[in-house]
Amino acid sequence: MGQMKGKASIEFDNPPVIISAGAVVGRKEGQGPLGALFDQVEQDDMFGKDNWEQAESAMQKQTADLVIEKGGIRKGDLRYLFAGDLLGQLIATSFGTVDLEIPLFGLYGACSTMGEAMSLGAMAVNAGYAKQVMSMASSHFATAEKQFRFPLGYGNQRPLSATWTVTGCGAVVLAGDRKSGMAKITGITTGRMVDMGAKDSMNMGAAMAPAAFHTIEQNLEDFQINESYYDQIITGDLGEVGRRILLEFMKNKGHDLEPILMDCGIEIYDKEQQDTHAGGSGCGCSAVTFCSYILPKVQSGTWKRVLFVPTGALLSTVSFNEGETIPGIAHAVMIEHIE
């Protein structure tokens, strides 16, 4: 009971350590500001496969193999795999990870999935249910557009509030009983569903910002801290629109996040040069930005303590076409430098 903090948080007695991380992205992501930081940039967005869904599965398998190799890890030592994607029935994950032969928890938290995967993986390791686990999430521009919006051949005009789904997959391996590694996970705050009535599927930032606000505020309350505790608070894919909304919400509660608030969706693309409008989105957005950009900064000590908050909009083609609103969710993971 001593590890439970407040209403929705856990402070780990035995903080899991991130011992390996990797990111594989598509061509557009490789052309962006973070391009040189990714482990692999695939020039063929089909990944050598016959359709987009197979391409995303191949990307997951490629990323998992990469992280295992980078960490010098034996596949058989991974007790569990926590992974997910945006597609119906998690087909990118189920087909992509079958050859890994690792016990799988398939997860769907929309674009917050990397936060969910890391949270559950950290809980398992901290509790002693596993010595090593992998947490992974992916998205693909073409599979997401095909499922949620319009076929690519339709060539519809995108509003300025729209974000560009990242083609990318990021994964980390978490381990227990370690004093060294890339960084440690000291705590988590699990988000709840927040629905403020947003209905515009082309403005995900507005749908997710209230959930990010609630989770960040809950983290500060549960741990009895303020925003100065962190060097950076990093949301998953609010984009330009969602970031402005979140800043306003936090300001109204007496928190000035402007100097330390970063959004993975804003960082991953060059808005002016790459025509991505409000920024990037998708499960892969926060996953690859974390593994390639955020984690190395924590490892080096540039940032001693960050709050990583992947954000998700929980809609489907069924709910949207039935006129339902778009609930949001966000999961916070506390990442710290290892001295």
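The reciprocal of the average 1/r between distinct C-alpha atoms defines the Kirkwood hydrodynamic radius, which for the stretch 1-76 equals 15.1 Å.
Among 238, 174, 90, the largest mean-square fluctuation in a Gaussian network model of the chain (Cα springs under 10 Å) belongs to 90. Relative contact order of the chain, taken over Cα pairs closer than 8 Å and 6 or more residues apart, is 25 percent. For the pair residue 65 and residue 338, the difference between a 0.36 nm per residue extended length and the Cα-Cα distance amounts to 95.7 nm. In order along the stretch 283-296, the phi-based Karplus estimate (6.51 cos²θ - 1.76 cosθ + 1.60, θ = phi - 60°) of 3J(HN,Hα) comes to 3, x, 4, 5, 5, 6, 5, 4, 5, 9, 10, 6, 4, x Hz; Gly and Pro are listed as x. The phi-based Karplus calculation (6.51 cos²θ - 1.76 cosθ + 1.60; θ = phi - 60°) puts the 3J(HN,Hα) values of the stretch 328-336 at x, 8, 8, 10, 9, 10, 8, 10, 10 Hz, whole numbers, x for Gly and Pro.
Amide H contacts of residue 104 (H built 1.01 Å from N, in plane; Pro and chain starts excluded): 81 sit under 5 Å, all sequence-distant by 5 or more or on other chains.
In terms of surrounding Cβ atoms within a 10 Å radius of their Cβ, 270, 13 rank from fewest to most as 13, 270. Cross-link partners for residue 271 among the lysines, with Cα-Cα distance under 29 Å and sequence neighbours closer than 8 places in the same chain left out: 28, 146, 199, 251, 297, 304.
Charging the Cβ of each Asp and Glu at -1 and of each Lys and Arg at +1, and nothing else, the dipole of the stretch 11-175 about its Cα centre rounds to 120 debye. Of the residues 316, 57, 292, the one that moves most in a GNM of the chain with alpha-carbon contacts below 10 Å is 316. Largest mean-square fluctuation among 82, 290, 12, in a Gaussian network model of the chain whose springs join Cα atoms under 10 Å apart, belongs to 12.
Neighbour counts of C-beta atoms inside 10 Å place 37, 307 in the sequence 37, 307, starting with the fewest. In this label model, residue 74 and residue 50 are separated by 3.7 nm, measuring between points 7 Å along each Cα→Cβ vector. Using Cβ point charges alone (K and R +1, D and E -1), the dipole size of the chain about the Cα centre works out to roughly 500 debye.
Assuming charge only on the beta carbon of Lys and Arg (+1) and of Asp and Glu (-1), the dipole of the stretch 183-336 about its Cα centre is about 360 debye to the nearest 20.
The reciprocal of the average 1/r between distinct C-alpha atoms defines the Kirkwood hydrodynamic radius, which for the chain equals 19.4 Å. The HN-Hα couplings worked out from phi for the stretch 130-136 by the Karplus form 6.51 cos²θ - 1.76 cosθ + 1.60 (θ = phi - 60°) are 7, 8, 9, 9, 10, 10, 8 Hz, whole numbers, x standing for Gly and Pro.
Selection among 130, 40, 183 by position relative to the dipole of the chain gives 130 as farthest towards the positive end (Cβ unit charges, Cα centre).
If R0 is taken as 22 Å, the Cβ-Cβ distance between residue 36 and residue 300 corresponds to a FRET efficiency of 0.85.
FRET efficiency for the residue 196 to residue 105 pair, using the beta carbon distance and R₀ = 35 Å, is estimated at 0.75.
Coordinate-derived values only; no laboratory data. As the structure is a prediction and not an experimental result, all values here were calculated from the model. Backbone-built Cβ (ideal geometry, glycine too); neighbour counts: all protein chains shown.
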